[in-house]
Structure formats: C-alpha cells, structure tokens
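Comments concern the structure below.
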Amino acid sequence: MPNTLYSFRRCPYAIRARLALTVSSQSVFLREILLKNKPAEMLALSSKGTVPVLQLSDGTVVDESLDIMVWALARRDPDGWLQGNLTEMLNLIDENDVEFKDWLDKYKYADRFPEHSAHYYREHAEDFLMQLENRLSNSPYLFGQQISLADMAILPFIRQFAGVDKDWFEQSAYPFLKVWLADFINSPLFTSVMKKYPIWLESEQQTSFPEMP
C-alpha cells in the first residue's frame, strides 16, 4: 500500500502538509476530497473528519498537518526548514493555529458570528500580523535569512486572510508581510502544490501526487 494523502486544495492545513511532502520529495498518492462529502474511507482512518490525513504504507495514520510536515522533513529537508530554534518556531505556529486562526475564521465568516463586525474580528487578527511584520522588517523570513518550518506553516493562513478582503489587504500597512506573501504565492513550490485534481471517489483509482522537479 502506498502512502496516501487525503486533502482539500484550498485548506491551509492541507496546503502546508503538501508543501512539506513536496519539498522533501516524499512519494504519496493524493486523494482530493470534498469537505461536505467526506469519504467513509477517510473517516475510518481519522474520526476527526478534517484534512489532511496521511496514511503511511505501513498503515500508520498521521492526521495533524504539522505532524505531517515534521514527518516529511525528518526524512529529507533540502532547504533546512527544521534548522534553527525549533521550539520558538513551534510556539509561533501554535499562536497562528490557535489565536490567529480563531480571529481569521470569525473575520472570514463574520455573518456566522453576528456578535461583532468583520472589522472587529480583523482588528484582533491584526495583532498577529503586526508581530509577523516586525519580524520580517529585520529579515526576509520569520527566523532570519533562511526559510523555515514557521514560514511555510503560517503562510497558507496569511494567504487566506489576505483573500477575505483583497482591496483592504493591498492598502494595509504591512509592506514586509505583503512582500513575504507575494514571494510565497509566486514560488514554483506553491504553484506545484496548488495544481487542481479531480475529486477522488472511493470507487476510482488514486491520483499521483505532484512532486517538485
């Protein structure tokens, strides 16, 4: 049985898993799913019902995106994403995944959270953006001159934030953040992991996962 990844193209958690799997040249088969119609086979592997879910060839299931990234990079890390202060990187990623993601969801789906306005939720999310902006004002990446696990784990969420109100983001006072995000979106790595695939159906064959040349 080959390594198999259940994924949803636009999900930031799935994006960061695909980034690490691709850069580390891990051979996996991609199963692109619909979140509103989750396949029973995936739910049998992980009752959480969220993507990504990676089933390894030995049957092991990894259903946390960050764990998938670390698993892949532990096998091959050509760009040194795991180099540096890993504890500090994980702390920043945790802040992204817990606090920022909560404000991001409320900002993106403000109609579901009528207690406050979208502007209110965006302002709270900006606390994290400012922290990133301050880091990037001193170096091209979050932890210095070299791209890291933190950059690639957080960038898909900043991309999602920027897409909520593109006009507002373009005029916002985050010049370093915007350059950092644009470089990521225009990179061959990001382009490769955002390739569109047909939705996988349990009755169909698996689709080969794209790998960086």
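The values are calculated or read from the model by the stated rules, or taken from the named source; none is laboratory data. Nothing here was measured: the structure is a model prediction, and the numbers come from that model. For neighbour counting, all protein chains shown are included, and Cβ atoms are generated from backbone atoms with ideal geometry for every residue, glycine included.
For the range 123-144, the criterion of a residue being touching a Gly at 6+ places or on another chain (Cβ under 8 Å), modelled with pLDDT of 95 or more and surrounded by 14 or more Cβ atoms within 10 Å (Cβ to Cβ) is satisfied by at least one position. When Gly84 is tested against the conditions (1) within 19 Å of the chain's Cα centre (by Cα); (2) more than 29 Å from Lys166 (Cβ to Cβ), the lone failure is (1). Somewhere in the range 33-44, is a residue in contact with an Asp or Glu (Cβ under 6 Å, 6 or more places away or on another chain) and either more than 23 Å from Ile199 (Cβ to Cβ) or at pLDDT below 95 (or both)? Yes, the conditions are met somewhere in the range 33-44. Out of all the residues in the range 10-20, is one or more touching a residue at least 12 places away in the same chain (Cβ under 8 Å), part of a helix (DSSP H, G or I), surrounded by 19 or more Cβ atoms within 10 Å (Cβ to Cβ) and β-branched (Val, Ile, Thr)? Within the range 10-20 (the criterion being touching a residue at least 12 places away in the same chain (Cβ under 8 Å), part of a helix (DSSP H, G or I), surrounded by 19 or more Cβ atoms within 10 Å (Cβ to Cβ) and β-branched (Val, Ile, Thr)), the answer is yes, since at least one residue qualifies. For the range 115-124, residues that are closer than 20 Å to Phe176 by Cβ and in contact with an Asp or Glu (Cβ under 9 Å, 6 or more places away or on another chain) total 1. Residue count for the range 25-36 satisfying the condition of being in contact (Cβ under 8 Å) with a residue 24 or more places away in the chain and more than 20 Å from Met1 (Cα to Cα): 2.
In the same structural domain as Pro39 (by TED's automatic domain parsing), out of contact with any strand residue (DSSP E or B) (no Cβ under 6 Å at 6 or more places or on another chain) and either among the hydrophobic types (A, V, I, L, M, F, W, C) or surrounded by fewer than 19 Cβ atoms within 10 Å (Cβ to Cβ) (or both): is that true of Leu66 in this structure? Yes.
A quick yes/no check of all residues on (1) outside the structural domain of Lys101 (by TED's automatic domain parsing); (2) closer than 26 Å to Phe100 by Cβ; (3) not basic (Lys, Arg):
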{"residue": "Arg10", "(1), (2), (3)": "yes, yes, no"}
{"residue": "Ala17", "(1), (2), (3)": "yes, yes, yes"}
{"residue": "Ala20", "(1), (2), (3)": "yes, yes, yes"}
{"residue": "Phe29", "(1), (2), (3)": "yes, no, yes"}
{"residue": "Leu43", "(1), (2), (3)": "yes, no, yes"}
{"residue": "Lys48", "(1), (2), (3)": "yes, yes, no"}
{"residue": "Ser57", "(1), (2), (3)": "yes, no, yes"}
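Listed by position, the helices (runs of 4 or more DSSP H) enclosed by the range 36-151 that each have at least 1 residues that are over 26 Å from Trp200 (Cβ atoms) and in contact with a helix residue (DSSP H, G or I) (Cβ under 7 Å, 6 or more places away or on another chain) are 86-95, 101-108, 118-136. Cβ-Cβ contacts under 6 Å between residues 6 or more apart (or on different chains), taken from a first residue in the range 162-189 that is surrounded by 11 or more Cβ atoms within 10 Å (Cβ to Cβ) to a second residue that is of a type in the set (Phe, Trp, Tyr), are listed as Ala162/Phe169; Val164/Tyr107; Phe184/Phe190.
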